Amino acid sequence: MKVFYTLKTKNTLEGCDIKKKLMEILACPIDKHHPLELLIFEEKEEIVEGLIICPECSRWYPIRDEIPEMLPDELRKEGEDLPFLKKWKERIPEKILLEGKPFNLKAM
Ligand SMILES: [Zn+2]
């Protein structure tokens, strides 16, 4: 009985901390850097919209509709990602806005 109780407690604790768990798992798909930085823009029970940043290569990955999109450069779509960067630019570090990869707002 004691073992069961311990397991149950552990699961509950993990359930409360999905974000931390997510950031423990995720690594940059380009250089495998870990850990990554997380910005949360909109949050309900899960992160609805946010940004994952790789401090190693300045790449950023959007979280849209609760889904972290960790795609390599060749699968990224500028037409979808730049509007996302613009939408949240007030809350994104300048370094990412100007030097972020694969797209940034410097040329605008
Ligand atoms: Zn990286």
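Residues of region 46-62 falling in the label zone of LYS89, defined by backbone nitrogen less than 13 Å from a point 7 Å along Cα to beta-carbon, are absent.
Evaluating kT/(6 pi eta Rh) at 25 °C and 0.890 mPa s, with the Kirkwood radius of region 18-99 over Cα pairs in the Stokes-Einstein relation, gives 190 µm² s⁻¹. Sequence-ordered 3J(HN,Hα) estimates for region 52-61 from the Karplus curve with 6.51, -1.76 and 1.60 and θ = phi - 60° stand at 10, 10, 9, x, 6, 10, 6, 7, 10, 10 Hz, glycine and proline given as x.
Taking 0.36 nm per residue of separation and subtracting the current Cα-Cα distance, fully stretching the chain between ILE30 and GLU99 would add 23.2 nm. For a straight C-alpha distance cut-off of 15 angstrom, the aspartates and glutamates reachable from LYS106 (same-chain residues fewer than eight places away being disregarded) are GLU78, ASP81, GLU90, GLU94.
Readers should treat all values here as calculations from the given coordinates under stated rules, not as data from a laboratory. Nothing here was measured: the structure is a model prediction, and the numbers come from that model. Here the Cβ is made from the backbone with ideal geometry for all residues, glycine too, and neighbour counts use every protein chain on show.
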